[in-house]
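In what follows, a single structure is set out as structure tokens and then discussed.
The values are calculated or read from the model by the stated rules, or taken from the named source; none is laboratory data. Values in this document were obtained by computation on a predicted structure and should not be read as measured data. Here the Cβ is made from the backbone with ideal geometry for all residues, glycine too, and neighbour counts use every protein chain on show.
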Amino acid sequence: MMTIDQAELGKRLKQARESCGLTQDDAAREMEIGRATIAQIELGNRSVSGLELSRFSWLYARDIREFVAQNFDEAGLAEVLLRADDDAGDGVRNALRDCISLGHQLRDLETLLGISRSTASVPAYPSVSLSSKWDAIQSGTHAAQEERRRLGLGSAPVSDAPSLLEAQGIRTGLIAMPPGISGLMLTHPNVGLFVVVNRDHPVARQRFSWCHEYAHLLLDRTQTGHVSRESERADLLEVRANVFAATFLMPEDGVRQFVGALGKGSASRLHADVFDESGVVPVDTRKAGGSQDLQIYDVVRLAHYFGVSVLSALYRLLNLRIITEPQLDNMKQLDQAGMSQQLSALLGLSQQPADENLTAFHRRYLLLALEAFRREKISRRKLLEISGKLGVPAPEIEGVIDTLDLVPDEPARVLVPSI
């Protein structure tokens with residue numbers, strides 16, 4: 001970290017603002033200060049407090065250290081913000097800012113602790129030109145099958161998608177986002193490979209979103225960032241990512257094995273020709289009508305086994321030609337009427353608690369902060385700031401500090417430098 005003067009800091013703040021496509025009025029409104037104050041800061045005529053610089057960093061999607069580094073990248077992650085159309089007031093840009101800020105914090109904590117994330121094992125699949133939805137389906141299916149083979153998953157369910165990503169060096173996070181946003185991925189030196197999903201969505205949907213964003217990371221690595229929106233589900237990249245997620249979570253062999261174990265899924269009428277050197281003996285048999293048809297309770301069990309929603313399971317079964325369109329429509333109506341939840345309770349197939357994913361993420365984040373405090377890499381104030389963001393009351397953290405005698409003898413270096 002180098003020492004820069006007030007004029008250079010003002011210049012960098014102006015470059016960062018302009019790269020995000022923000023006017024001085026925009027910045028003033030977000031910072032809750034006058035436009036003239038912004039102008040004076042950028043001219044180098046007014047100093048900037050550490051608190052203000054932290055706020056500027058969030059607003060411009062920057063790591064605070066960038067503003068005092070020897071070299072300054074004018075673009076940074078601004079292009080991700082520029083591509084976020086926030087005209088509808090859906091808060092996409094602010095959600096992106098929160099995600100980028102979280103990525104910076106996680107990376108900083110790991111760097112302070114000497115934790116190195118190697119992503120060398122994460123493949124970047126060759127770019128494929130998609131000219132139709134069928135191209136997207138084939139590309140997503142092939143990539144998912146290849147990934148399952150590479151990771152040695154066989155036909156088994158993916159029990160813990162975030163841990164699967166983390167094991168490959170991919171950072172994961174949960175952040176509140178607008179309802180129409182399922183998640184996003186970022187690939188940038190400042191945050192590494194980073195996948196975030198909407199913490200307000202149901203657990204089954206979060207699991208699907210982890211794999212959906214994983215697809216973007218594998219197949220759309222040339223993009224600095226990608227936001228997945230419901231409104232763009234017909235986009236070819238989104239179609240491909242959805243097909244990848246469905247195939248990755250519900251492999252064809254696994255689905256057919258599960259259905260077969262129920263004694264269902266085969267044709268009602270079977271024929272075989274038994275051959276020997278003297279001739280052929282035809283054998284025909286017919287199973288009881290409707291005996292092979294899957295019922296809503298079968299789909300509920302299958303959805304629970306693979307950790308997906310009943311609706312996702314239904315469409316996977318349709319695409320594998322295990323159920324028909326009329327069967328899909330009938331079971332969709334039952335699902336919408338609440339039958340799936342009723343059957344889940346009846347069968348004891350309780351869903352993973354809605355906050356379990358969030359708790360696991362918070363646990364990883366908080367333990368990094370506690371360890372950084374123990375090693376005198378961050379201050380008590382910074383630890384309390386992080387725990388506060390995670391919803392952990394200050395007295396609880398203070399109690400842990402006292403009980404484990406984590407109080408350092410010397411003042412700690414802090415993540416946020418004073419300017």
Test result for Ala95, touching a residue at least 40 places away in the same chain (Cβ under 8 Å) and of a type outside the set (D, E, K, R):
yes
Going through the range 210-244 one residue at a time, which ones are buried (at least 24 other Cβ atoms within 10 Å of the Cβ) and polar (S, T, N, Q)?
Ser228
Hey, Ala144 hits all of (1) closer than 22 Å to Gly307 by Cβ; (2) without any contact (Cβ under 8 Å) to a residue 12 or more places away in the chain but one; which does it fall short on?
(2)
Selection from the range 12-51 of residues touching a helix residue (DSSP H, G or I) at 6+ places or on another chain (Cβ under 7 Å) and of a type in the set (Asp, Glu) yields Asp25, Glu30, Glu42
Scanning for something at pLDDT 65 or above, of a type in the set (Asp, Glu), touching a helix residue (DSSP H, G or I) at 6+ places or on another chain (Cβ under 6 Å) and more than 21 Å from Val310 (Cα to Cα), does the range 238-260 turn up at least one residue?
no
Given the structure, is Gly388 part of a helix (DSSP H, G or I), closer than 29 Å to Arg12 by Cβ and modelled with pLDDT under 90?
yes
Suppose we keep only residues that are of a type in the set (Gly, Ala, Ser) and closer than 21 Å to Arg199 by Cβ within the range 384-404. Which one would you say is surrounded by the fewest Cβ atoms within 10 Å (Cβ to Cβ)?
Gly391
Cβ contacts < 8 Å: first residue assigned by TED's automatic domain parsing to the domain that holds Phe72 and more than 18 Å from Asp73 (Cβ to Cβ), restricted to the range 34-61; second residue of a type in the set (Ser, Thr, Tyr) and surrounded by 13 or more Cβ atoms within 10 Å (Cβ to Cβ), any location; separation 6+ or different chain. Result?
Arg46/Thr37
Filtering the range 184-198 down to residues that are part of a loop (DSSP other than H, G, I, E, B) and touching a residue at least 24 places away in the same chain (Cβ under 8 Å), which residue is farthest from Leu311 (Cα to Cα)?
Asn190
Looking at Trp134, is it without any contact (Cβ under 8 Å) to a residue 40 or more places away in the chain and among the aromatic types (Phe, Trp, Tyr)?
yes
Filter the range 302-316 for residues that are touching a Leu at 6+ places or on another chain (Cβ under 7 Å) and part of a helix (DSSP H, G or I); which is nearest to Pro251 (Cα to Cα)?
Phe306
Of everything in the range 25-52, what is aliphatic (A, V, I, L, M) and crowded, with 20+ Cβ neighbours inside 10 Å? Give them in sequence order.
Ala27, Ile38, Ile41
I'd like to verify a number: residues in the range 209-256 that are farther than 19 Å from Glu146 by Cβ, part of a helix (DSSP H, G or I) and touching a Ser or Thr at 6+ places or on another chain (Cβ under 6 Å), how many?
1
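Rundown of residues vs (1) of a type in the set (Ser, Thr, Tyr); (2) not in a strand (DSSP E or B), yes/no style:
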{"site": "Leu106", "(1), (2)": "no, yes"}
{"site": "Leu109", "(1), (2)": "no, yes"}
{"site": "Thr119", "(1), (2)": "yes, yes"}
{"site": "Val122", "(1), (2)": "no, yes"}
{"site": "Gly140", "(1), (2)": "no, yes"}
{"site": "Arg148", "(1), (2)": "no, yes"}
{"site": "Leu153", "(1), (2)": "no, yes"}
{"site": "Ser182", "(1), (2)": "yes, no"}
{"site": "Asp200", "(1), (2)": "no, yes"}
